[in-house]
Amino acid sequence: MTSTTPTSTTPAPTTPAPTTPASPTTAAADPLVGAPLAAPSAVARPERRGWTRWPRLALPLVPLAALVALAVIGPWLTPHNPERVSGPTSAPPSGEHLFGTDTSGLDVFSQTLAAFRTNVWIATVAVLLATAGGALLGLLTGMNESARGPRGLAARLLGRIADFVQAVPGMLLGLITVAFYGASQTTLVLTLGVVLAPLQARLVRTEVLRVRSDAYVDAARMAGLSELRLTLRHVLPNSCRPAMENLSVLFAVSIILTASLGFLGAGLPTPKPEWGAMISRGATDAAVGNWWPATFPTLALIITVAIIAAASSALLRRRTR
Amino acid sequence: MTARNVIDEAGPRTTAVSDPVEGDAPILAVEDLTVRYGTRSGEVTAVDAVSFALGHGERVALVGESGSGKSTLGLALAGFLTQDNVHVECSRLDFAGAALDRDTRSRLPRRTPGLSMIFQDAMTTLDPVWPIGSQLRAVIRAAGRADGGGRPSRADVRERARYWLDRVGLRDTERVLRARPYELSGGMRQRAMIAIALCGGPKLLIADEPTSALDASLAREAMETMLTLTGQSSTSVLVISHDILLAQEYTDRTFVMYGGRIVEQRTSARLVDTATHPYTVALLRCVPTLASAELDELPTLASVNAEITGVDEPTEVTGTPEPAAKESA
Amino acid sequence: MRQTLRRQRWWLARIIALPFQLIVFAAVSFLLVHNIPGDPVAVLTGGQADAANRAAIEKQLGLDGSLPTQLMRYLGHTLTFDLGHSYITGRSVASEFGDRLPATIELTLMGVFLSAVLALGLSYLAVTRPRNPVSYLVRGYARIAGGLPDFAVGVAAVFVFYATLHWAPAPLGRLSSDVDDVPKVTGLPFLDTILTGRFDASWSMAGHLALPVATLVISQAGVLVKMLIGGLEEAVDAAPTRFRIASGASPAMVRLSLVRRALPPAVTTCGTLFGYALGGAVIVEAIFGFAGIGSYLSDSVSSGDIPAMQGFLVIVAAVSLLVFLLVDLANMSLDPRRRPGARTD
Ligand SMILES: Nc1ncnc2c1ncn2[C@@H]1O[C@H](COP(=O)(O)OP(=O)(O)OP(=O)(O)O)[C@@H](O)[C@H]1O
Ligand SMILES: [Mg+2]
């Protein structure tokens, strides 16, 4: 994170006004001053300095920092062992058990807190993996798909395969893969990565196709830059943006997918704290009127998704400034 | 040619406006129209207290540099500025003898009956997913119903659609009727657009740079078609243009816009002699003429400006507000 | 004849390609499944099989011979709608799906259809009447789109409307226990109640379907609303809309034109939503105790029933490909520029 220094926001000295008749000349730069001119389009703009701007931009990032902190140290903050029975079953929230206990007597507060690590960690790694894989796939297909010969053929085949993976609803694919390979954090992360990578690949590919035909890429190619260097130096940096903007959406999707799998019983084995599994167990409680075992993990999940969405939109707004 | 009601140099006669005789009242009377855009970096006044009047069958050109607010003025008159960040105010807006009363709650603009508008690029203006024939017929049907003649018959509508294509000079009518905009050439599209805009029988046509997407000869043809047709039905026309020569040639009066204001309202034929505003003078001097062909170099707006004020180069700006500086760069 | 054929090529070609895509998919899924570590025979016999036994079982499961032979055999069977037999129950996978899939599809379709209709209405209102109080609500809802997991909505719905308010029937299936079962006609349960004239069952089923369908709609429609608001907002200020209005087309025509231009991205999203809703339906079936592929999938997942899961992949892919085909066809008729061969600049 770099803070914008005040100097970088001051305007560069204006270049002499262009000398074409139809060129828009700014009001103050107009040499016609003094002549009986109409008032120029007035532009009122609140003064903005670096130091007043900074906290406003940083504010949405505070919850993000808290989230990261919880994910890192959450498991050490739990008042009870989240994987051991710690009190009466189905006890409502109280001073001893802040969020109550579930049907088997596990402390809901400790479980919710400890699950931050599981869920946030899985989602983060899965999203990074999907983005890296997707970018690679998008680059390969985008750069090569119109090529003749085996290279183009391979690229087109790769693109088709990605389409096929996308054709199967992510959750069902995840369910089956987890069933085949057994439930563990690694399987979950890899599965989510495979399910989500085609989304990113498609975004990157679209951009690659656009960038590839841009003049400067041709110029660099003429200048004798090798195809690989060209791809890495020019095409990749210029085609990542939509995929980056999509990160928060992917994060939400993977948090929810992980929890969905947990909900259907294809997640991590039982006592391991995980929101989806907790909600699934809490569902039976909810049907008999005990609201707490399902509510708190759900809230944690929704708040996490919201925090990531807010932080990413704040960061993006800042980059587009 | 039908009689035109040109409003004279002195500006709109206030007495004439309240005159109950229809023929004398202007088709459009505007007073103190102001349009402000709220942007992230503050408010921009695009149109600033503009007042004018347009006679029945009169043709007016609106010229001015880029960003002077011409399109904004046209859109405001047609009622298309319904966005949340746009503020339109005026003390008076009369069209066809009655004050315009517009629904401000709906984001989707309503039509002002009798007011039609065409835009710069027919490719992006025509509905891309419907065939030309369908777009034409939709207007003819609605116009027929508005006339109180009940629902016109299918055959009748078809016949009228063919007739209009023919009028704008599109001969291959059957094919054009079935074609979608992207299946036509640029000139054909432009003609089709004119046909659709005029087949509803408008009283006023606002044309925002109707020909600037075409090359010079096509532009002339399209302009002539448009003006002939509007002339036959004595439809008033407000043409927005960059081409001051074209404007002078085809219109009765010329308005010059600068910085959101109309700074000059002159009879087109005498614009060169009567222009007083320095910007208009500067603009006219940049136009290539036989006399200027002798010169080594055609004067540009900036060099003319420099001459007017006696400064060689545009002065370096020191205290400009930053967004303006950025936009010009 | 040839002329007509050429004009209709845009959709004919897409339909003809479908079976081929499906075969490729079946082959890919077969190879994927084949490469899974683990020994199905050992799973089946608990690791107790001797050599002769093993050969017999492998033959029975179609696991004998080289990989290409197995693949060809599998594809051949798939083409004749034979998806093999379950390792566990020995029943035909295809008939198991035939029994359960229609119910799930019906639930999914109800969710997607209602989402689409609601989303269109609400986003049109939000765009054209920005200062209406409902519009603020709709925009707020669109902002949290995708952040409402279906299982959470479902559990909350059961808690509020069944456990607390007692408005909804118990989440234990499609029919109340005092209503007799309805004979099967099409396999789509709700449609069957109407076709057989059992309106008492229709009524009971509608009551049981209200919460599940609402769950699907609430968790899915947000994405669609967001998409449509964006599309409509752009279309309202687009030149074609302005020209339609200015030239004097009727308001109904203006609205139609507006929606038709804003729709294609939303239709594509609907296709994707169908996939999500199918996954969501599995979850909703679990929450509300509905019969459908959800429970079958859970069973085969927990018992490691490979033919069932493989069949599942192929069938879900077939359904999804069919949906994508419909989406493409819908978009190509909405916007002719999307047809292959249309000239665009
Ligand atoms: N949607 C908008 N939001 C904010 N500002 C706008 C918007 N549209 C126009 N403006 C501003 O209003 C001013 C007038 O714009 P307008 O489009 O009316 O100019 P114009 O005279 O039509 O120019 P041109 O000849 O280039 O078409 C400009 O300063 C422009 O930046
Ligand atoms: Mg303009």
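The values are calculated or read from the model by the stated rules, or taken from the named source; none is laboratory data. Because the structure is a prediction, the values reported are computed rather than measured. Cβ sites come from the backbone with ideal geometry, for glycine too, and all protein chains shown count toward neighbours. Accessible surface is based on the protein model in full, side chains and every heavy atom, while ligands, DNA and RNA are left aside. Shrake-Rupley method; radii C 1.70, N 1.55, O 1.52, S 1.80 Å.
Worth pointing out:
- Qualifying residue in the stretch B:164-181 (condition: touching a Lys or Arg at 6+ places or on another chain (Cβ under 9 Å), open to solvent by 60 Å² or more (accessible area, probe 1.4 Å), basic (Lys, Arg) and not in a loop (DSSP other than H, G, I, E, B)): no
- Residue in the stretch C:192-204 that is surrounded by 19 or more Cβ atoms within 10 Å (Cβ to Cβ), farther than 30 Å from residue B:145 by Cβ and of a type in the set (Asp, Glu) present: yes
- Among the residues making up the stretch A:172-186, those that are more than 7 Å from chain C (Cβ to nearest Cβ) and within 17 Å of residue C:280 (Cβ to Cβ) are A:173, A:174.
Results for (1) within 16 Å of ligand 2 (Cβ to nearest atom); (2) within 13 Å of another protein chain (Cβ to nearest Cβ); (3) at pLDDT 85 or above, shown as yes or no for each residue.
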{"residue": "B:239", "(1), (2), (3)": "yes, no, yes"}
{"residue": "B:243", "(1), (2), (3)": "yes, yes, no"}
{"residue": "B:249", "(1), (2), (3)": "no, no, no"}
{"residue": "B:252", "(1), (2), (3)": "no, no, yes"}
{"residue": "B:278", "(1), (2), (3)": "no, yes, no"}
{"residue": "B:285", "(1), (2), (3)": "no, yes, no"}
{"residue": "B:289", "(1), (2), (3)": "no, no, no"}
{"residue": "B:303", "(1), (2), (3)": "no, yes, no"}
{"residue": "B:307", "(1), (2), (3)": "no, yes, no"}
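- Screening residue B:45 on (1) on the phi < 0 side of the Ramachandran plot; (2) in contact (Cβ under 8 Å) with a residue 40 or more places away in the chain; (3) more than 9 Å from ligand 1 (Cβ to nearest atom) shows it passes everything except condition (3).
- Tabulated pairs, the stretch B:55-81, first among the basic types (Lys, Arg), second within 13 Å of ligand 2 (Cβ to nearest atom) and open to solvent by less than 20 Å² (accessible area, probe 1.4 Å), C-beta under 6 angstrom, 6+ apart or interchain: B:70/B:62; B:70/B:64; B:70/B:240; B:70/B:257
- Assessment of the stretch B:65-72 against the conditions (open to solvent by 20 Å² or more (accessible area, probe 1.4 Å), within 11 Å of ligand 1 (Cβ to nearest atom) and either farther than 30 Å from residue B:271 by Cβ or within 14 Å of chain C (Cβ to nearest Cβ) (or both)) yields at least one matching residue.
- Single residue of A:152, A:133 found to be touching a residue at least 40 places away in the same chain (Cβ under 8 Å) and out of contact with any Cys (no Cβ under 9 Å at 6 or more places or on another chain): A:133
- When we screen B:126, B:115, B:75 for residues that are within 16 Å of ligand 2 (Cβ to nearest atom), facing another protein chain (nearest Cβ under 9 Å) and not small (Gly, Ala, Ser), the only hit is B:75.
- Taking (1) surrounded by fewer than 21 Cβ atoms within 10 Å (Cβ to Cβ); (2) within 16 Å of ligand 2 (Cβ to nearest atom); (3) of a type outside the set (Val, Ile, Thr) in turn, residue B:101 satisfies each apart from (2).
- So residue C:152, is it surrounded by fewer than 20 Cβ atoms within 10 Å (Cβ to Cβ), among the small types (Gly, Ala, Ser), part of a helix (DSSP H, G or I) and facing another protein chain (nearest Cβ under 8 Å): no
- In the stretch B:159-213, residue nearest to the chain's Cα centre (by Cα) [restricted to those that are within 16 Å of ligand 2 (Cβ to nearest atom) and either small (Gly, Ala, Ser) or on the phi > 0 side of the Ramachandran plot (or both)]: B:207
- Taking the stretch A:220-321 and the helices (runs of 4 or more DSSP H) fully enclosed by it, the elements with 1 or more residues that are surrounded by 16 or more Cβ atoms within 10 Å (Cβ to Cβ) and within 10 Å of chain C (Cβ to nearest Cβ) are at A:247-263, A:275-287, A:292-320.
- If you check B:128, B:152 for being over 23 Å from residue B:209 (Cβ atoms), surrounded by 15 or more Cβ atoms within 10 Å (Cβ to Cβ) and of a type outside the set (A, V, I, L, M), only one passes: B:152.
- Hey, residue B:96 within 16 Å of ligand 1 (Cβ to nearest atom) and either open to solvent by less than 40 Å² (accessible area, probe 1.4 Å) or facing chain C (nearest Cβ under 7 Å) (or both) or not: no
- Helices (runs of 4 or more DSSP H) wholly inside the stretch A:61-171 containing at least 3 residues that are farther than 30 Å from residue C:322 by Cβ and within 14 Å of chain C (Cβ to nearest Cβ): A:108-144
- Residue in the stretch C:268-284 that is in contact (Cβ under 8 Å) with a residue 24 or more places away in the chain, away from chain A (no Cβ under 12 Å) and among the hydroxyl-bearing types (Ser, Thr, Tyr) present: yes
- Condition broken by residue B:56, with the remaining ones in (1) within 13 Å of chain C (Cβ to nearest Cβ); (2) in contact with a Ser or Thr (Cβ under 7 Å, 6 or more places away or on another chain); (3) within 23 Å of residue B:201 (Cα to Cα); (4) more than 14 Å from ligand 1 (Cβ to nearest atom) satisfied: (1)
- Enumeration of residues in the stretch A:123-140 that are at pLDDT below 90 and open to solvent by less than 10 Å² (accessible area, probe 1.4 Å): A:138
- Meets criteria (closer than 23 Å to residue C:285 by Cα, modelled with pLDDT of 75 or more, open to solvent by 40 Å² or more (accessible area, probe 1.4 Å) and more than 14 Å from every other protein chain (Cβ to nearest Cβ)) for residue C:72: no
- Within the stretch B:196-209, the set of residues being open to solvent by less than 20 Å² (accessible area, probe 1.4 Å) and either under 19 Å from residue B:176 (Cβ atoms) or more than 16 Å from ligand 1 (Cβ to nearest atom) (or both) comprises B:196, B:197, B:198, B:199, B:202, B:204, B:205.
- Checking the stretch B:78-86 against the condition returns no match, with no residue being of a type outside the set (Val, Ile, Thr), away from ligand 1 (no atom under 16 Å from the Cβ) and open to solvent by 70 Å² or more (accessible area, probe 1.4 Å).
- In the set (1) farther than 25 Å from residue A:281 by Cα; (2) within 14 Å of chain A (Cβ to nearest Cβ), the condition left unmet by residue C:181 is number (2).
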